[in-house]
Amino acid sequence: MTKTIAGLHHVTAIAGDPQRNLDFYTGVLGLRFVKKTINFDDPGTYHFYFGDDAGTPGTILTFFPWQHARRGTMGAGEVTQTAFSIPRGSIGYWEKRLAAKNVEVERKEERMGVTVLLFRDPDGMQVELVEHASAPTRRAPRFADVPVEHAILGFFGVTMLERDLPRTEATLGLLGFRKIAEEGNRFRFAASGDGDAGDSVALGRYVDIVLDPAARQGRPGAGTVHHIAFRAEDYEDQKAWLATIGEHLAVSPIMERDYFRSIYFREPGGVLFELATDLPGFTVDEPLETLGEALRVPQWLDAQLVPLTERLVPVTLHKATTAHQTR
Ligand code: ZN
């Protein structure tokens with residue numbers, strides 16, 4: 001028996017210049033650089049992970065930064081916006097902060113009852129900040145100059161652009177997501193876990209589908225989302241999901257990703273889905289205090305660490321001086 005999916009585990013996107021990507025997500029958005037590792041499928045390039053202070057599932061945005069990546073184009077069969085939750089009362093802070101850092105911001109009032117800030121990262125990826133009743137900021141990133149009371153909490157959800165609704169809706173339904181709202185051509189689905197009780201918002205609970213039958217297919221490249229991962233509670237749960245999903249869709253075998261185990265499948269509209277385990281997490285190979293500071297490679301690549309390091313573009317992590325202590 002499969003367990004209920006709580007929401008998103010991580011979102012993975014493609015970026016261009018690694019240093020520019022690192023500077024934006026730590027220096028502008030104030031996320032913690034949780035892991036500096038390599039792309040297991042392309043070991044001469046990085047895989048960056050950003051998140052809350054501990055790299056909690058549901059807060060993790062990851063990138064494959066390829067120095068000379070061509071820009072992608074957004075279109076159908078893609079995640080077109082990735083949304084983070086911010087605490088209620090933080091919209092003004094973020095609007096000012098982004099403007100001060102020369103990020104062009106669009107404020108959308110009252111989308112499905114909440115205020116949304118939309119902007120692009122340096123590679124053109126569309127990111128949103130959503131203000132709504134929120135969970136306490138328990139794990140605000142250290143080394144960030146964003147005040148704890150305004151710190152990004154983790155994912156709100158993602159928006160996928162689709163030309164057809166029923167088949168993608170069926171796949172979300174298989175994963176336990178149910179439609180909770182509709183506004184124009186936007187359909188909101190929520191993970192069926194009980195995270196919406198009261199003020200306690202589970203992270204990454206929402207998947208929106210924007211329906212546009214005339215939309216052109218997207219083209220992957222810098223600034224586009226590569227895949228989204230949902231959470232599997234543990235290894236047994238993932239095995240159960242492998243069997244369940246396999247009855248309906250082509251699904252990969254279980255892959256060892258060092259910080260989690262993964263299975264991959266494509267929803268009928270074209271978005272690549274992953275189901276990743278919460279275990280073992282990002283402290284499996286380095287302590288919480290120094291997460292992201294040294295390059296980490298999987299054991300099977302240990303012997304090649306030196307030649308690999310020489311192939312990577314060097315990057316510098318700038319830790320904010322006004323670090324605050326987390327509880
Ligand atoms: Zn992934």
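Annotations for the structure displayed:
- Per DSSP, loop trypsin sites (Lys or Arg not before Pro) in the range 1-80 with at most 12 further Cβ within 10 Å: none
- Cα-based radius of gyration of the chain once divided by 2.2 N^0.38 Å, which approximates compact folds: 0.94
- Taking all protein chains into account, the per residue accessible area for the chain stands at 43 Å² (1.4 Å probe).
- Length available on full extension from VAL210 to ASP302: 0.36 nm per residue minus the Cα-Cα distance, which gives 28.7 nm.
- Surface composition of the chain: carbon and sulfur make up 52 percent of the accessible area, probe 1.4 Å.
- Extreme residue, positive dipole direction of the range 8-311, given options TYR235, ASN21, ALA170 (C-beta unit charges): ASN21
- Remark: spin-label model distance ARG186-THR283 equals 3.7 nm, labels positioned 7 Å along the Cα→Cβ axis.
- Unsatisfied cross-links (Cα-Cα over 23 Å) in the set LYS36/LYS319; LYS3/LYS179; LYS36/LYS96: LYS36/LYS96
- Mean Cβ neighbour count within 10 Å, used as a protection proxy, ranking 93-99, 202-208, 126-132, 308-314 highest first: 202-208, 126-132, 93-99, 308-314
- The dipole here belongs to the range 8-311: it is taken about the Cα centre, uses +1 on the Cβ of Lys and Arg and -1 on the Cβ of Asp and Glu, and is about 600 debye.
- Counting only DSSP beta bridges with both residues in the range 1-155, the antiparallel share comes to about 65 percent.
The values are calculated or read from the model by the stated rules, or taken from the named source; none is laboratory data. Because the structure is a prediction, the values reported are computed rather than measured. Here the Cβ is made from the backbone with ideal geometry for all residues, glycine too, and neighbour counts use every protein chain on show. Ligands, DNA and RNA are stripped out before the accessible areas are found, and what is left, the full protein with its side chains, is counted by its heavy atoms. Shrake-Rupley method; radii C 1.70, N 1.55, O 1.52, S 1.80 Å.
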